[in-house]
Amino acid sequence: MKLASGLGPAERAALRAAAGRAAEAAARSGRPCVAALRLPFAGAHPLECFAAAAGGERFYWEVPARGLSLAATGVARALEASGPGRFAAAAAFADALWEEAVLEGSAARAEAGPLLFAGFGFADAPAADPRWRGFPPLRLVLPERLESCCGGRGWQTHICVVEPRETPREAAERAEARADVLAAPRGRRGDAPDAGASFRAAADAPHERYRRAVSAALRAIAAGEIEKVVLARSCTLSRPGGFDGARVLGGLRTAHPTCFVHAVGRGDALLLGASPERLLRRSGTWLRADALAGSAARGRSPEEDLRLARALRESKKEQAEHAAVKQALLEALGPLCEPLRAPEAPRLLRLEGIQHLHTPVSGRLRPDAPRSLLALAGRLHPTPAVAGAPREAALAFLRAHEATARGWYAGGFGWLAPSGDGELAVLLRGALLRGDEATLHAGAGVVAGSTPEGELAETRLKLRAALAALLEI
């Protein structure tokens, strides 16, 4: 399928008009103003548009089973934040950005754009590992161009931010010129040449160190210092010539159609994955979060699969791990939603190679509750599913015992619309591609009844999701 070409005369006129009105609004308010033109679009699949922008700033989001895919390129405006106030700073930035936005062209879905893309790390301080350079504790980006496919319909949105000092004519000319640059045909290209199928894999720390950390966690649990802690480890996969990010994403979306397939590209680095876990989704006044904890392998036959599923449901250890996550969500969202609903017993979420205990939690936001998805995320993150419980004690344990720099692993990524709608996923089951290397992370929740060997095996199981796509030969 061909990539998008430039705008026609009518579309150019509409974009110039939107930029001109934004210039007038910016002059009145003394603040920058967003201008966006939304157009029906039947061109390339967003993944093709994402692949064509290799090397630049780009974002990808897809839930294949829902018929939703988004690809965004360029940076019209960005915010980076760190520290305990990072979510509040991002929420304020987003609110101010949308306050007087000029949106030209109708769209039936919020996902049609314009959208902000938000990504954040597990911790509120920068990661010490240089592999995570370019991925600050929080980054919020308004892209310059967005391709959306929602429910069988496609849109293309052109976005610019107009400064108060710009005249309407200057803003219109700049918006048109930038749209032409972004629409210039570049053709499909991969992120790396096909250099053959020579791979080398290594754990970033000895397995024995991970076992010792699990043993230390079990002693802390027995002493009543913590209830649960999620210990992560990492490994590095190397290949001469690197990895084709678009090809890896294609493999992930095929193998994991119900997951949140995601990617964030910054220069020579690409963070991608297929996460099974939603952090938060807001649709109007409705809020949804997912408790996802407790894991088992899939069986090689229907009979074995059923046996493993039954064992997962009946395991006291897995039930305890799941209950800690569910309880934390109920306590965090209960004061904000009325009513807040959650099934008594968890369901099974069955994925390629792994299955989890899953409880959806949903409710209508109270009138006095925060409306910003980012502000709400700040109340939840990090959940016991990726950190532990109690939160502060678990985080202190991780700082003392965990051998890997998480960076954005177990952080979050997603999109936000001017209406306040949006969705954030927990960054799991992925890899950070940079140069010839892919860095993968996986974690396991340690509770009473865990064993060092069992938790190590669980991390291996979780690493397979990204490894399978990276090792395609």
Practice problem: State whether one or more residues within the stretch 72-87 are outside any helix (DSSP H, G or I), modelled with pLDDT of 90 or more, within 22 Å of G251 (Cα to Cα) and outside the structural domain of L272 (by TED's automatic domain parsing). | Solution: yes
Practice problem: Mind listing just one residue for me: the one in the stretch 25-62 that is of a type in the set (D, E, K, R) and modelled with pLDDT under 95 and, of those, farthest from R139 (Cα to Cα)? | Solution: R28
Practice problem: Can you work out which of the residues in the stretch 159-173 that are assigned to a loop (DSSP other than H, G, I, E, B) and within 36 Å of the chain's Cα centre (by Cα) is surrounded by the fewest Cβ atoms within 10 Å (Cβ to Cβ)? | Solution: R165
Quiz item: Can you find a residue in the stretch 367-375 that is modelled with pLDDT of 90 or more, crowded, with 22+ Cβ neighbours inside 10 Å and under 20 Å from R282 (Cβ atoms)?
Solution: yes
Quiz item: Which residues, taken from the stretch 258-301, are buried (at least 17 other Cβ atoms within 10 Å of the Cβ), among the hydroxyl-bearing types (S, T, Y) and at pLDDT below 95?
Solution: S295
Exercise. State yes or no: is P367 touching a Gly at 6+ places or on another chain (Cβ under 6 Å), farther than 28 Å from L312 by Cα and not acidic (D, E)?
Key: no
Exercise. Identify all residues within the stretch 436-468 that are at pLDDT 95 or above, in a helix (DSSP H, G or I) and within 20 Å of L270 (Cα to Cα); write none if there are none.
Key: none
Quiz item: So E80 fits all but one of (1) more than 17 Å from the chain's Cα centre (by Cα); (2) closer than 30 Å to V386 by Cα; (3) surrounded by fewer than 18 Cβ atoms within 10 Å (Cβ to Cβ); (4) not basic (K, R); what number is the exception?
Solution: (1)
Practice problem: Exactly one condition in (1) free of Cβ contacts under 8 Å to residues at least 60 places away in the same chain; (2) outside any loop (DSSP other than H, G, I, E, B); (3) over 20 Å from the mean Cα position of the chain (by Cα) is not met by A394; state its number. | Solution: (1)
Quiz prompt | Matching entry among R429, R460, R464, R434 (being free of Cβ contacts under 8 Å to residues at least 60 places away in the same chain and outside the structural domain of F120 (by TED's automatic domain parsing)) | solution = R460
Self-check item: Output for the stretch 414-435, where each listed residue is assigned to a loop (DSSP other than H, G, I, E, B), within 12 Å of L374 (Cα to Cα) and charged (D, E, K, R)
Solution: D421
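The values are calculated or read from the model by the stated rules, or taken from the named source; none is laboratory data. Remember, it's a predicted structure, so these values are computed and weren't measured experimentally. Cβ atoms come from the backbone with ideal geometry, glycine included; neighbour counts cover every protein chain shown.
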